[in-house]
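Structure first, commentary second.
Derivation of every value follows stated rules applied to the coordinates shown; laboratory data play no part. Keep in mind the model is a prediction, meaning the values are calculated, not measured. Cβ placement follows ideal geometry from the backbone for every residue including glycine, while neighbour counts extend to all protein chains displayed.
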Amino acid sequence: MNATVWDVVEAQAARTPEAVAVVPWTYAEVAERVGALAGTIAGFCGPGRFVAIDVNTAAAGLVAFLAVVRAGGTALPLSAESPPPHRALVLADARPALVVTEEDGGCVVRPTEYFGFPAEDAAPSETAYVMYTSGSTGRPKGVLVPHTALVSRLAGLARVPGLAAGESMLAMTALSFDISLAELLLPVTVGATVIPAPPAARLDPEVFAGVAASMNPAVLQATPSFWRLALAWGWPGAPAGRIWCGGEALTPGLAAKLRPRCARLWNVYGPTEATIWATAADITDPSSVSLGTALPGTQVRLLAADGTEITAPGTPGHLVLSGDGLASGYLGLPELTAARFPAGRYLTGDLAAYRADGALEYWGREDDQIKLRGHRIELGEIEAVAEDCPETTSAVAVLKDAETASAHIALYVTGGVTARTLRTWFAQRLPPAMRPATVEVLAQLPRTSAGKVDRQALTAAPAPG
């Protein structure tokens, strides 16, 4: 079997047992907790099964993830904010044998309703974790990430944007969002320290600012939406810290506000299928924001519609990724895997072009997928769920005020449904990040001259109430 992230952390713990791994635990204490929990997991079932992780604090998330890996299982991070029907879809798809929860500062393991299911419910070989993302059919899809991809990506991130022994990184992202794995795992693979932020920091900039000021982490990572929220609150910045900004497009305006507030500003890019991040750009001139270049272990190509490679600056093409950091595909979706991962590459669905300096410039999506507050969302999934409501005849979701702190999803529907009915419908079926902020019932949807729904007109229209 290839080396796992636990192998890397175990070796680091042997080198620096008394150093702080995650405040307040040392590497030796983390290793002890991981060993105990892994033993409990192994006592329930053999290796190869999915194990759900349903915790809300960084320390518990770190121990649980490493314990699942050490026990030979595949981690399935769950979102505490997902409504029961959405969570049920994820659980029914992955069928985890066990779930790790958090009680009284420790982790507890319980069998799930799928515990006694046959061995074919085991995860594909060599899989470290499965991360669920939005799906255009109305059902979430599980991205399978192998141990080799995770270990390779963490090693690359240690070099670029960089994290070294003795430094620290703030951890405040929910475990069900894959960038949390950089915050939890990268520090403990290099001898650095994880600084846990209270879960409230994810939504409350005052809580975030308090932790950042008192702990002075070397690296702070968040989405553009969060940084806008923090700046609107009045966050003064982290003059000695390095900011990683990703999950959505970094605009020049936001970069101009962030750059003076930190030692270095990095724009990071990467879909879940590329294992956390795939490219990085050190932003020195806020007026010239790019995706930068590929991280170590990753290769980037731009392809024209006919499949030929684009090398000339200024010519947009389809962004294709390859290298050690790729996921192996989607759980139980062989046709989609074959379509999106042909010949060892991943077709991102993003458009980009080379600049004269060789950096990549983002040109948007090929489809209607968006990033909102770091969450990758298929607008088609929201529309599919809306149209499942018996009183809805058609639905279109659009992103409003994309480059402001007020960015939100607006839904336009036709039929006999009411906005109140749909809000109740969504609360039972979609996680909070995917629920439209505004809903408007129209007599008919606007159309282009070609007869298609005029999404541009809806995006530009005043927000519905």
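Observations, loosely collected:
- FRET efficiency estimate (nearest 0.05) - Cβ-Cβ, ARG264 to GLU335, R0 45 angstrom: 0.60
- For region 1-36, applying the loop criterion from DSSP together with a ceiling of 12 other beta carbons within 10 Å to the GluC sites (Glu not before Pro) yields GLU18.
- For region 6-42 versus region 133-185, the inter-centroid distance based on Cα atoms is 19 Å.
- Projecting the alpha carbon convex hull of region 23-96 along each direction and taking the average yields 5.0 nm².
- DSSP-assigned coil residues among GluC sites (Glu not before Pro) in region 298-399, each with at most 16 further Cβ atoms within 10 Å: GLU366, GLU391
- Lysine pairs in the chain whose alpha-carbon atoms fall under 23 angstrom of each other, counting only those eight or more residues apart or on distinct chains, come to 5.
- Projected over all directions and averaged, the alpha-carbon convex hull of region 369-460 occupies 5.9 nm².
- Applying 1/(1 + (r/R0)^6) with r as the Cβ-Cβ distance of GLU440 and THR404 and R0 = 25 angstrom yields a FRET efficiency of 0.80.
- Taking every DSSP beta bridge that has both ends in region 369-460, the antiparallel portion is near 75%.
- Its DSSP H runs of at least 4 residues, each contributing -39,500 (n - 2.57), put the calculated 222 nm mean residue ellipticity of the chain at -8500 deg cm²/dmol, to the nearest 500.
- Considering all C-alpha pairs of the chain, those separated by over 32 Å amount to 39%.
- Among 53-60, 279-286, sorting by the average number of other beta carbon atoms lying within 10 angstrom of each residue, highest first, gives 53-60, 279-286.
- In sequence order, region 198-209 has phi-based couplings of x, x, 4, 5, 5, 10, 10, x, 5, 5, 4, 4 Hz under the Karplus curve 6.51 cos²θ - 1.76 cosθ + 1.60, θ = phi - 60°, and Gly or Pro positions carry x.
- Per-pair calculated FRET efficiency, R0 = 30 Å: ALA232 and ASP357 via Cβ, rounded to 0.05: 0.40
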